[in-house]
Amino acid sequence: QTHREMASGLSTPVGFKNGTDGSIEVAINAVKSSAKPHSFLGINAQGRSSIVRTRGNAYGHIVLRGGERPNYDTVSISITERALFDAKFAPNIVVDCSHSNSFKDHNMQALVMSDCVHQIREGNQSIVGLMVESNIEGGNQPIPEDLSKLKYGCSVTDPCIDWPTTETIIRKARNILKDILPQREK
């Protein structure tokens with residue numbers, strides 16, 4: 001709840017991920033909550049405790065991260081669009097190409113991204129962003145006892161695609177969508 005309250009005071013888009021089981025209800029509720037004004041205990045510009053009052057954030061959106069199964073396919077996107085319409089929100093969806101959408105295999109992120117780009121090329125208007133887990137080096141590494149053994153540019157958390165792969169998939173998406181995105185309905 002505290003994140004929803006903070007998000008209600010931001011003047012920037014804020015994404016809320018679906019539940020780890022794949023359900024979108026928690027994300028829809030977060031978008032609803034952050035869109036409303038809130039009052040909560042916070043810190044003012046002088047560093048003192050104060051009551052913070054927000055106006056609500058109209059730029060909330062859902063981030064589909066998968067769950068028990070991936071949820072970036074056209075059916076899952078359509079279900080999410082309908083749920084957002086029913087909740088009276090714009091169908092703004094960001095797809096997380098990693099996590100459960102790629103079966104936690106960083107090498108599959110390019111396939112997820114390619115599928116989403118295809119959906120946009122075929123007329124989807126609700127996919128407004130794509131997320132990838134990327135770093136200089138691909139994969140990930142455990143944090144060793146001797147920190148000098150860490151490989152520079154390799155994640156110590158989630159496995160990532162490397163920079164050349166990142167550049168390739170972004171350039172490919174750009175080439176496919178460069179004439180389509182400017183024509184999208186506003």
Spin-label point model (7 Å from Cα, Cβ direction): what's the residue 32 to residue 90 distance in nm? 2.1
Would you tally the net charge around residue 38, using a Cβ to Cβ cut-off of less than 11 Å, leaving residue 38 out, and scoring K and R as +1, D and E as -1? +3
Could you rank 167, 68 by how accessible they are, 1.4 Å probe, largest area first? 68, 167
Along the stretch 151-163, Karplus-curve 3J(HN,Hα) (6.51, -1.76, 1.60; θ = phi - 60°) to the nearest Hz, with x for Gly and Pro, reads 8, 4, x, 10, 4, 10, 10, 6, x, 10, 7, 7, 4
Once neighbouring chains are kept in place and the probe is 1.4 Å, which whole percent of the accessible area of the stretch 38-138 is contributed by carbon and sulfur? 52
If amide hydrogens are placed 1.01 Å from N in the peptide plane, which non-local residues have theirs closer than 5 Å to the one on residue 160? 139, 140, 155
By DSSP, what percent of the beta bridges with both residues in the stretch 40-130 are antiparallel, rounded to the nearest 5? 40
Charge-dipole axis of the stretch 76-169 as Lys and Arg at +1 and Asp and Glu at -1 on Cβ define it, positive-most pick from 84, 129, 150: 84
Give, as a single signed number, the net charge of other residues whose beta carbon lies under 11 Å from the beta carbon of residue 56, with Lys and Arg counted +1 and Asp and Glu -1. +4
For residue 58 paired with residue 39, estimate the spin-label separation in nm (one decimal), with each label point 7 Å from Cα along the Cα-to-Cβ line. 2.4
What percentages, rounded to whole numbers, describe P(r) for the stretch 118-186 computed over all alpha carbon pairs with 10 Å bin width beginning at zero? 18, 35, 23, 15, 7, 1
Provide, as a two-decimal number, the C-alpha radius of gyration of the stretch 35-79 over 2.2 N^0.38 Å, N being how many residues it has. 1.91
Among beta bridges assigned by DSSP with both residues in the chain, the antiparallel ones amount in percent, to the nearest 5, to 30
What is the spin-label model distance, in nm, from residue 183 to residue 68 if the labels are put 7 Å beyond Cα along the C-beta direction? 4.0
Considering amide H positions built from the backbone, and no H for Pro or chain starts, which residues 5 or more places from residue 16, or on another chain, come under 5 Å of its amide H? 61, 62, 63
Per residue, in Å², the accessible surface of the chain once ligands and nucleic acids are set aside, probe 1.4 Å: 61
Calculated [θ] (222 nm, deg cm²/dmol) that DSSP helices of n ≥ 4 give over the chain, each run adding -39,500 (n - 2.57): -9500 deg cm²/dmol
Under the √(5λ) rule applied to the eigenvalues of the Cα gyration tensor, what semi-axes describe the equivalent ellipsoid of the chain? Give them in Å, descending. 30, 25, 16
Using modelled backbone amide H atoms (1.01 Å from N, in-plane), which distant-in-sequence or interchain residues come within less than 5 Å of residue 104's amide H? 99
Can you give the FRET efficiency to the nearest 0.05 for residue 114 and residue 148, using r as the Cβ-Cβ distance and R₀ = 25 Å? 0.05
Among the Cα-Cα pairs of the stretch 59-100, the proportion with separation greater than 16 Å, in percent, is 31
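The values are calculated or read from the model by the stated rules, or taken from the named source; none is laboratory data. Treat the numbers as computed from the prediction; the structure is a model and nothing was measured. As a convention, Cβ positions derive from the backbone with ideal geometry for all residues, glycine included, and neighbour counts pool all protein chains shown. For accessibility, only protein heavy atoms count, side chains too; no ligands or nucleic acids. Shrake-Rupley method; radii C 1.70, N 1.55, O 1.52, S 1.80 Å.
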